[in-house]
1. Taking the condition of being free of Cβ contacts under 8 Å to residues at least 24 places away in the same chain, in a helix (DSSP H, G or I), surrounded by 15 or more Cβ atoms within 10 Å (Cβ to Cβ) and over 20 Å from the mean Cα position of the chain (by Cα), how many residues in segment 17-70 meet it?
2. Got a sec? Which of Tyr95, Tyr103 is part of a helix (DSSP H, G or I), within 17 Å of Arg53 (Cβ to Cβ) and hydroxyl-bearing (Ser, Thr, Tyr)?
3. Please name all residue pairs, on different chains or six or more residues apart, with Cβ atoms under 8 Å, provided the first residue is in segment 1-16 and is over 15 Å from Arg43 (Cα atoms) and the second residue is surrounded by 12 or more Cβ atoms within 10 Å (Cβ to Cβ).
4. Quick check, is Lys100 at pLDDT 95 or above, under 16 Å from the mean Cα position of the chain (by Cα) and not aromatic (Phe, Trp, Tyr)?
5. So, in segment 30-52, exactly how many residues are within 15 Å of Asn12 (Cα to Cα) and among the small types (Gly, Ala, Ser)?
6. For the structure I just gave you, tell me whether Asn79 is under 13 Å from the mean Cα position of the chain (by Cα) and closer than 30 Å to Asn12 by Cα.
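The values are calculated or read from the model by the stated rules, or taken from the named source; none is laboratory data. All of these numbers come straight from a predicted model, not from anything done at the bench. Every residue, glycine as well, gets a Cβ built from its backbone with ideal geometry; the counts of neighbours run over all protein chains shown.
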Amino acid sequence: MRLSQSQISEINKMTKDGKSLNQISRNLGIGKTTAYYYFRKIRGKTFSSPIIRFENDRDLGEVIGVFTGDGSQSFDPINYHYQNRVHFGVHNKNYAIYVKTLYEKCFGKKFFVSRDGNTKLIVATNSKDIFNWFFERAIRYGWHYSQD
């Protein structure tokens, strides 16, 4: 079902007034992706794509090595999230923070550290571009690859 011209005008007005995408979607009773289509025409893209850049081969090797040893990826079709995670024991907190900093530097995207129960720390981000970057290397180098 297409939006009426009055709904499109209301989206434009609310966007110019500084309303969030969630507020627009709720107020008009339409899906966020539908609202985002018009919202983006005015505000532009609201998320930042990662800038994947390695200063040296050591950083590249460490990023791949850490992910190969302790990383995982998953895709959630309901929320359309591509999640990239690296798992650590809770006793490796300093190393998890180091890896978070390294990944943020190399991928140009914010990562977060969370706790999973009493025994695990997870360094993670949601990014289709990073998901595909690791997936392409898995295919290219023949890593055993399985998705969650």
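1. Residues flagged as free of Cβ contacts under 8 Å to residues at least 24 places away in the same chain, in a helix (DSSP H, G or I), surrounded by 15 or more Cβ atoms within 10 Å (Cβ to Cβ) and over 20 Å from the mean Cα position of the chain (by Cα) within segment 17-70 amount to 3.
2. Numbers: Tyr95 fails: within 17 Å of Arg53 (Cβ to Cβ).
After applying the criteria, what remains is Tyr103.
3. Once the first residue is over 15 Å from Arg43 (Cα atoms) and sits in segment 1-16, its partners that are surrounded by 12 or more Cβ atoms within 10 Å (Cβ to Cβ) give Leu3/Ile11; Leu3/Ile30; Leu3/Thr34; Leu3/Tyr38; Gln7/Leu28; Gln7/Ile30.
4. Details: at pLDDT 95 or above: yes; under 16 Å from the mean Cα position of the chain (by Cα): yes; not aromatic (Phe, Trp, Tyr): yes.
In short, yes.
5. So the count comes out to 2.
6. Details: under 13 Å from the mean Cα position of the chain (by Cα): yes; closer than 30 Å to Asn12 by Cα: yes.
Against the criterion (under 13 Å from the mean Cα position of the chain (by Cα) and closer than 30 Å to Asn12 by Cα), Asn79 qualifies.
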